[in-house]
Amino acid sequence: MQTDISGGEEPPSDHRLQPLKEFHSAARGYWRDVSDSDWNDWRWQLKHRITSAEQLQRFLPTLTPEEYAGAKLANHKLALAITPYFFNLIDLADENCPIRLQVVPRLAETHTAPWEMSDPCGEDSHSPVPGLVHRYPDRVLFLVTDRCASYCRYCTRSRLVSNASGYDFHPEFDKQIAYVASHPEVRDVLLSGGDPLLLSDDKLAFLLGKLRAIPHVEFLRIGTRIPIFLPQRITPELCAMLKQFHPLFMSVHANHPRELTTEARAALGRLADAGIPLGNQSVLLKNVNDDATVMKALVQKLLICRVKPYYLYQCDLIAGSAHLRASVAKGLEVMEQLRGHTTGYGVPTYVIDAPGGGGKVPINPEYVLCRNAGRVLIRNYEGKIFEYTENADGTPRCKPKKIEEPDLCKC
Ligand SMILES: *Cc1c(COP(=O)(O)O)cnc(C)c1O
Ligand code: SF4
């Protein structure tokens, strides 16, 4: 099916690189003649997604052979879909645009390294009933759909998302809910997928209602990239429905400051106004956000949008993701430039989801230089070194002092 491009074949002239810290509206681009009511209608956005190599070729004048070939093959692995809104954040002239890298397939996706996996976090082996992952003692991951508004090329759930590789994901809500109901230790249910906000308001309300009715379920949360890919979906009606199920938290997924447009900020504001605490989960991606300036702009803009940066993930070892993976050394370097240098609320926890089902493990730049027999040597964000001493019962032994020449041998 062809997408209408009422604005003609000429690439739009309104695609320019915006300063990182500013909020801008996504331009209308090729869709400049579409009515406001269509453009702002999430169903219109979904219906007019870019889903084929041919459409990409038409819309992206700088499409490379490597991207075309990737797009041709994409629908056998992880479907290609980009909402017109999100497509318009791509800088058409830049082959390495950080938005483009996230959603435009490349041939490199078909190269699988020996250490890469289809289920890097070992979710299927921790799944007591289909669509439910119970890894941690008191909380479960509840997968509700295999659909997303757009598809991230590095998705850790590529195996099931979009059903392109034939995983044939069919959540059985009854069984998933019955599992939660019969496990009193589960006090926290995390809805994810795929993107739960692609469900209709009614279906989502039904599901949240069923979970809320379980007495031991204290805490609900939704993981979604919809406020970033399709902010039009965050309607006042959706927010009014969601706020009936408090305490309900939401984790969104922004990787680059340019994803935080005026539209995304307004959508996040509607969610925050509905009393939903918002967190962000970013994935560290090469040439997207493996840079301290970019990451700092991202976390600062998130705070302006009332979103607390929650996790920064090392990119999972998902098959075909090598070209997007930044090193742990780079991640630590980026973290080092956040802590102390900007608002503490803006500093996420950098984690590796340990391959095979080990769960999220925090990794940090080293601030404890040594710890030994009641003496701890620490350094601050400026590299200054301090000594803190204590007795076995925790009482300080002497006044903490700054050390000019650290006597590391004594540790
Ligand atoms: C990430 C994750 C959770 C939630 O972990 P938090 O650290 O509580 O956010 C729960 N279950 C699974 C399987 C997960 O991968
Ligand atoms: S929105 Fe989430 S689930 Fe969907 S493709 Fe992106 S990372 Fe995967």
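Counting each pair of different Cα atoms once, what's the Kirkwood radius of the range 296-394 in Å, rounded to one decimal?
Working: mean 1/r = 0.0636 Å⁻¹.
One over the average 1/r among Cα pairs gives 15.7 Å for the range 296-394.
What does the charge add up to near LYS330, with Lys and Arg as +1, Asp and Glu as -1, over the other residues with Cβ less than 13 Å from its Cβ?
With Lys, Arg at +1 and Asp, Glu at -1, the neighbours total -2.
Once amide H atoms are built 1.01 Å from N in the peptide plane, which residues 5 or more positions from VAL283, or in another chain, come under 5 Å H to H?
Residues meeting the criterion, in which the H sits 1.01 Å from N, are TYR313.
Amide H of GLY357 versus every other amide H placed in the peptide plane: which residues, excluding those fewer than 5 positions away on the same chain, fall under 5 Å?
GLY122
Tabulate in residue order the Karplus-calculated ³J(HN,Hα) for the range 81-96, using 6.51 cos²θ - 1.76 cosθ + 1.60 with θ = phi - 60°, rounded to whole Hz; enter x for Gly and Pro.
Per residue, the Karplus-derived 3J(HN,Hα) values read 7, 9, 5, x, 4, 6, 4, 6, 8, 6, 7, 4, 7, 9, 4, 10 Hz.
If you plug each phi of the range 214-223 into the Karplus form 6.51 cos²θ - 1.76 cosθ + 1.60 with θ = phi - 60°, what whole-Hz ³J(HN,Hα) values come out, in order, with x for Gly and Pro?
7, x, 7, 7, 8, 9, 10, 8, 10, x
Which whole-number value in Å² is the accessible area per residue of the chain, probe 1.4 Å?
Result: 43 Å² per residue.
Which lysines does LYS210 reach when only Cα atoms under 16 Å apart count, and residues fewer than 8 places away in its own chain are ignored?
Partners within reach: LYS175, LYS243.
Ignoring trypsin sites (Lys or Arg not before Pro) that are buried or in helix or strand per DSSP, and keeping those with at most 12 other beta carbon atoms within 10 Å, what is the longest stretch of the chain between them?
Between exposed loop sites, the widest span is 17-383.
Roughly how many nanometres apart are two label points built 7 Å out from the Cα toward the Cβ at ASP33 and ALA181?
Label at ASP33, label at ALA181, 5.5 nm between them.
Measure nothing fancy, just the Cα-based angle from helix 201-212's long axis to the longest principal axis of the chain, in degrees from 0 to 90, nearest 10.
Long axis of 201-212 versus the principal axis of the chain: about 30 degrees.
Ordered by residue, what ³J(HN,Hα) values in Hz, to whole numbers, does the range 259-270 give under the Karplus form 6.51 cos²θ - 1.76 cosθ + 1.60, where θ = phi - 60° and Gly and Pro are x?
Values per residue, Gly and Pro as x: 6, 8, 8, 5, 5, 5, 4, 5, 5, 5, x, 5 Hz.
Any idea what the alpha-carbon Rg over 2.2 N^0.38 Å comes to for the range 1-365?
Values: Rg = 19.6 Å, N = 365, 2.2 N^0.38 = 20.7 Å.
So the Cα radius of gyration is 0.95 times the expected 2.2 N^0.38 Å.
Quick one: if you stick a label point 7 Å off each Cα along the C-beta vector at ASN96 and LYS330, how many nm between them?
Going by the 7 Å Cα→Cβ label model, 1.0 nm.
Loop-only check: which GluC sites (Glu not before Pro) in the range 331-369 are DSSP coil with at most 13 other Cβ within 10 angstrom?
For GluC sites (Glu not before Pro) across the range 331-369 that sit outside H, G, I, E and B with at most 13 neighbouring Cβ atoms in 10 Å, the list reads GLU366.
Within the range 1-365, what percent of beta bridges assigned by DSSP are antiparallel, to the nearest 5?
25
Run down the lysines and flag those whose C-alpha is under 18 Å from the C-alpha of LYS296, throwing out any fewer than 8 positions away in its chain.
LYS21, LYS286, LYS308, LYS330
The values are calculated or read from the model by the stated rules, or taken from the named source; none is laboratory data. Not measured: the values here are computed from a predicted model. Reconstructed Cβ throughout: ideal geometry from the backbone, glycine too, with neighbour counts over all protein chains shown. Ligands, DNA and RNA are excluded from the accessible area calculation, which covers all protein heavy atoms including side chains. Shrake-Rupley method; radii C 1.70, N 1.55, O 1.52, S 1.80 Å.
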